[in-house]
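Read the structure below first, then the notes.
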Amino acid sequence: MNEEKTELVEEKKETKKSEREKEAILNIYTSFNNTLAHITDMSGKTLCKVTGGMVTKHGRLKANPTIAIFIAKRIEEKLEELKIKTLYVRIRAKTRSSSLGPGAHAMIKSLTRDGYKIINILDTTKFPRGGPKPKGGRRGRRV
C-alpha cells in the first residue's frame, strides 16, 4: 500500500516538471534599416540570433514587416527544437528615435498566431539624459 502511494507521488512530481514550460527572452531591435531578433534564456545565455540580412539578400527589404515574419519563422524552428513555448519580449528602437521600426509588431503578431505565450512586452529604447549636445548647433540643421 505504501509503495503504491510513493509511486503515485513520484508520478505527480514528474508530470509537474514536464508540464512546466520553459521560458526565454526575445530581444527585438528594430530600426528603419534592419530588424534583429535575439533569443536568450532567463540567465542571459544566447540561444539564437536572426537578422534581416540572414533572411533576405535585398538590403532595402531588411526592415520590412514581411521579412520580420520570416525572421519569426526561423525563431519558431529554434524554439520548437528547444521546447520553449513562453516568451518575455523586449523591444528596442534606435536611440533617440520617436517610434519603433516596422518589423516589431509583425514579429510579435506572427509568434502569437503560432501559439507562443507572450507574458510581457517591454520597451527598452534608450534615450539620452543630458550627455553631449546633439549635432546641428543652436538653431538646428538648416536645410
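What follows is calculated from the coordinates using simple rules that are stated; it is not laboratory data. Because the structure is predicted, anything quoted here is derived from the model rather than measured. Backbone-built Cβ (ideal geometry, glycine too); neighbour counts: all protein chains shown.
Per residue of the chain, what 222 nm ellipticity follows from adding -39500 (n - 2.57) for every DSSP H run with n ≥ 4, rounded to the nearest 500?
Details: 4 runs with 51 residues, N = 143.
Calculated mean residue ellipticity at 222 nm is -11000 deg cm²/dmol.
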In Hz, Karplus ³J(HN,Hα) per residue of the range 102-112 (6.51, -1.76, 1.60; θ = phi - 60°; x = Gly, Pro): x, x, 5, 5, 5, 5, 5, 4, 5, 5, 5
Label K22 and E80 with points 7 Å out from Cα along Cα→Cβ: what is the distance between them in nm? 1.5
E77: net charge of surrounding residues, Cβ under 15 Å, Lys/Arg +1, Asp/Glu -1, itself excluded? +2
Too-long pairs where the Cα-Cα distance tops 29 Å, listed order kept, from K57/K117; K22/K49; K57/K133: K57/K117; K57/K133
Phi angles of the range 37-44, converted by Karplus (6.51 cos²θ - 1.76 cosθ + 1.60, θ = phi - 60°) into ³J(HN,Hα) in whole Hz with x for Gly and Pro, give 10, 9, 9, 10, 7, 5, 8, x
For a test of the definition: using alpha carbon positions, the gyration tensor, and the 1.5 limit on a/c, classify the range 55-104 as rounded, prolate or oblate. oblate
Rank G130, L61, L36 by how far each Cα sits towards the positive end of the charge dipole of the range 13-143 (+1 on Lys, Arg Cβ; -1 on Asp, Glu Cβ) and give me just the farthest. G130
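In a shell of Cβ-Cβ distance under 14 Å around K126, excluding K126 itself, what net charge do Lys and Arg (+1) and Asp and Glu (-1) give? All intermediate terms of the calculation are to be shown ahead of the outcome.
Details: positive: R90, R92, K94, R96, R129; negative: D123.
So the environment of K126 carries a net charge of +4.
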Segment T95-D41, extension gain: residue separation times 0.36 nm, minus the distance between their alpha carbons: 17.0 nm
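With a/c under 1.5 counting as rounded, go ahead and sort the range 48-143 into rounded, prolate or oblate using the C-alpha gyration tensor (a ≥ b ≥ c being the square roots of the eigenvalues; past the cut-off, prolate if a/b is larger than b/c, else oblate). Before the final figure, lay out the partial values.
Details: a/c = 3.06, a/b = 1.87, b/c = 1.63.
Prolate, because a/c is 1.5 or more and a/b exceeds b/c.
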